[in-house]
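As structure tokens, the structure follows; a few thoughts come after it.
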Amino acid sequence: MQQQERKDAVNVALGEGLWGFGMGLVAPLTVFPLLLKRLGAGPLELGLFTGVATAGFLLTQPIGTLLFSHGAGRKKFLITYHALVTLSCFAALSAVTLLLGPRGELHRAARWMLIAFYSVNVLGTGVIVSAWQDWVAGLFSAQSRGKAYGMWAGAWSLALAVSAVVAAKVRKGIEFPENYALLMLAAAVVFAVSLVQYSRVSSGHVPEGGYLRPGMRELLGLFARSLRERNFRRYLVGRVLLTLGGGAAGFIAVHFRSAEGGNLSDALIILLGAFLSLPQAAGSYLLGILGDRSGHKAGVLVGATAQLAAIVVAFLGTGWVACALSFAFLGVAAAEAMVSHQNMIFETCPHDRRIAHITVSSLILGPFVAAVFPATGLLIDLFGSTAAGIGLCIVPTALGALWLLFMVREPRQIMLGG
């Protein structure tokens, strides 16, 4: 890494570490599903929330691609916009929880308002995701980007583990609904501090003359150019298969809370969320280094295997040990998604308009990510068993891992655009 790259890597890691701490207070795979369950949510509502939380930002990325030609030089706008959307939404989430939580007759309204405000946050920030990613990715060379991403993803995950302990103590030590309302409000404060830290990151280099904002015809041409790359198309097929299997992740916390999973308490499940975050932290850094040295396909395969292991353990096991192991494997899979997958997208780009390449991958993957959690919820309703719904996710995950192993090549070993 060059000196400026090291400085930016540290500042991004600090910013993401703070953001990870805030997310740990309101974790969408543990805290939020348990809150919705406390308010009487069923599998369909839980699946809808998880789908929005994990994929909503993908659905609005094309809007940002039409608005922005690149992310470099737009730091001030990106940070200000992010603050306006996220801080206001989490303040609203806190207020809804505090005011409607004690009133049982309003729990249905509370659930849908929570899902709605969270959706506004995710969909709203999705508009700037491509520009934000392009800004940060452009700060580092291909030879150092993996390590930089590993640093910030590791910091994010480590902070997430610490805040999972804090969230568990708040959940156990304070009565409902004040406990969850306090977590939402505290998250908003931490997010604000994170964005202030991000203001210390470089604005990035804008090419001389800049980029013209693409029109619709040019944008579609860039999409087509990306999709003409056979290896990129094959990679997307593998990600779709993994996505179909990933629907299990939204129900693992609820599964271990049920009799099928061992009747674990809410506070214990939130605490065990640290077992998700610690492997994610270590895995992020190690996968980043591995990717810089040998390419990121190896990390993608590690993540696919970890996702498969997480689902198998949740399907077959019960009790806190199985819960911890399942979360740990999910953590490794999450590290791969944040580091190896993101770098695979960057390195499969066959042209110099990376923001368009990021967007077309999101357009293809987004609907699957958004639909898989409600679909898994419907399967759970159909079979009457959370374990059965989780078990069905083994098949597409295994197929995805095999497809990526045999059908996708390491991008650094081929000539793109040829």
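From the list R230, R257, R217, which residue is basic (K, R) and touching a residue at least 60 places away in the same chain (Cβ under 8 Å)?
R257
Of all residues in segment 200-219, which are modelled with pLDDT of 85 or more and surrounded by fewer than 17 Cβ atoms within 10 Å (Cβ to Cβ)?
If the condition is that a residue be modelled with pLDDT of 85 or more and surrounded by fewer than 17 Cβ atoms within 10 Å (Cβ to Cβ), then R200, S203 are the ones that fit.
Please tell me if S130 is surrounded by 21 or more Cβ atoms within 10 Å (Cβ to Cβ), farther than 22 Å from F373 by Cβ and more than 21 Å from the chain's Cα centre (by Cα).
Details: surrounded by 21 or more Cβ atoms within 10 Å (Cβ to Cβ): yes; farther than 22 Å from F373 by Cβ: yes; more than 21 Å from the chain's Cα centre (by Cα): no.
Spelling it out, it is not the case that S130 is surrounded by 21 or more Cβ atoms within 10 Å (Cβ to Cβ), farther than 22 Å from F373 by Cβ and more than 21 Å from the chain's Cα centre (by Cα).
Considering each residue of segment 1-44, count those that are basic (K, R) and closer than 13 Å to I270 by Cβ, and give that number.
2
So S119 clears everything in (1) of a type outside the set (D, E, K, R); (2) surrounded by fewer than 19 Cβ atoms within 10 Å (Cβ to Cβ); (3) closer than 22 Å to Q280 by Cβ; (4) under 19 Å from the mean Cα position of the chain (by Cα) except one condition, right? Which one?
(3)
Looking at segment 163-180 only, could you name the residues that are part of a helix (DSSP H, G or I) and β-branched (V, I, T)?
V165, V166, V170
One residue is enough: does segment 246-256 have a residue meeting the conditions out of contact with any helix residue (DSSP H, G or I) (no Cβ under 8 Å at 6 or more places or on another chain) and either within 28 Å of A356 (Cβ to Cβ) or modelled with pLDDT of 90 or more (or both)?
no
Out of S94, S88, which single residue is hydroxyl-bearing (S, T, Y), assigned to a helix (DSSP H, G or I) and either in contact (Cβ under 8 Å) with a residue 24 or more places away in the chain or in contact with a strand residue (DSSP E or B) (Cβ under 7 Å, 6 or more places away or on another chain) (or both)?
Criteria check complete, one pass: S94.
Check L160, L183 and return the single one that is at pLDDT below 85 and part of a helix (DSSP H, G or I). Walk me through how you get there before you give the answer.
On the way: L183 fails: at pLDDT below 85.
Being at pLDDT below 85 and part of a helix (DSSP H, G or I) holds for just one of L160, L183, which is L160.
When segment 374-418 is examined, which residues are found to be assigned to a helix (DSSP H, G or I), in contact (Cβ under 8 Å) with a residue 60 or more places away in the chain and within 17 Å of A333 (Cα to Cα)?
Within segment 374-418, I390, I394, V395, P396, T397, A398, L399, G400, A401, W403, L404, L405 meet the criteria.
Answer yes or no as to whether L67 is out of contact with any strand residue (DSSP E or B) (no Cβ under 9 Å at 6 or more places or on another chain) and at pLDDT 80 or above.
no
State whether the residues of segment 109-119 include one that is at positive phi and touching a residue at least 24 places away in the same chain (Cβ under 8 Å). Spell out how you get there, then give the answer.
Step one: list which residues in segment 109-119 are at positive phi, which gives none.
No, because not a single residue in segment 109-119 is at positive phi and touching a residue at least 24 places away in the same chain (Cβ under 8 Å).
Assess whether H357 counts as being in contact (Cβ under 8 Å) with a residue 12 or more places away in the chain, surrounded by fewer than 19 Cβ atoms within 10 Å (Cβ to Cβ) and touching a His at 6+ places or on another chain (Cβ under 9 Å).
When the stated conditions are applied, H357 does not pass them.
Which of (1) assigned to a helix (DSSP H, G or I); (2) touching a residue at least 24 places away in the same chain (Cβ under 8 Å); (3) of a type outside the set (A, V, I, L, M, F, W, C) is the odd one out, the single condition E105 does not satisfy?
If we test E105 against (1) assigned to a helix (DSSP H, G or I); (2) touching a residue at least 24 places away in the same chain (Cβ under 8 Å); (3) of a type outside the set (A, V, I, L, M, F, W, C), just (2) comes out false.
Which residues, taken from segment 340-364, are charged (D, E, K, R) and outside any helix (DSSP H, G or I)? Write out each step before concluding.
Looking only at segment 340-364, we keep the residues that are charged (D, E, K, R), and these are 347, 352-354.
Across segment 340-364, the qualifying residues are D352, R353.
Suppose the filter is within 24 Å of F32 (Cα to Cα), at pLDDT below 90 and either of a type outside the set (S, T, Y) or assigned to a helix (DSSP H, G or I) (or both); does F275 pass it?
Considered against the rule, which asks whether it is within 24 Å of F32 (Cα to Cα), at pLDDT below 90 and either of a type outside the set (S, T, Y) or assigned to a helix (DSSP H, G or I) (or both), F275 comes out as yes.
What pairs come up if the first residue lies in segment 121-150 and is free of Cβ contacts under 8 Å to residues at least 40 places away in the same chain, the second is polar (S, T, N, Q) and surrounded by fewer than 21 Cβ atoms within 10 Å (Cβ to Cβ), and their beta carbons are under 9 Å apart, counting only those six or more places apart or on different chains?
Going by the 9 Å Cβ cut-off, the qualifying pairs are N121/S88.
Of everything in segment 260-271, what is buried (at least 24 other Cβ atoms within 10 Å of the Cβ) and either closer than 15 Å to G24 by Cα or touching a strand residue (DSSP E or B) at 6+ places or on another chain (Cβ under 7 Å) (or both)? Give them in sequence order.
I269, I270
Which of (1) under 18 Å from G17 (Cβ atoms); (2) assigned to a helix (DSSP H, G or I); (3) hydrophobic (A, V, I, L, M, F, W, C) is the odd one out, the single condition F140 does not satisfy?
Status for F140: all satisfied but (2).
The values are calculated or read from the model by the stated rules, or taken from the named source; none is laboratory data. Quick caveat, the model's predicted, so the values are computed rather than measured. Quick reminder, even Gly has a Cβ in these numbers, built from the backbone with ideal geometry, and neighbours come from all protein chains shown.
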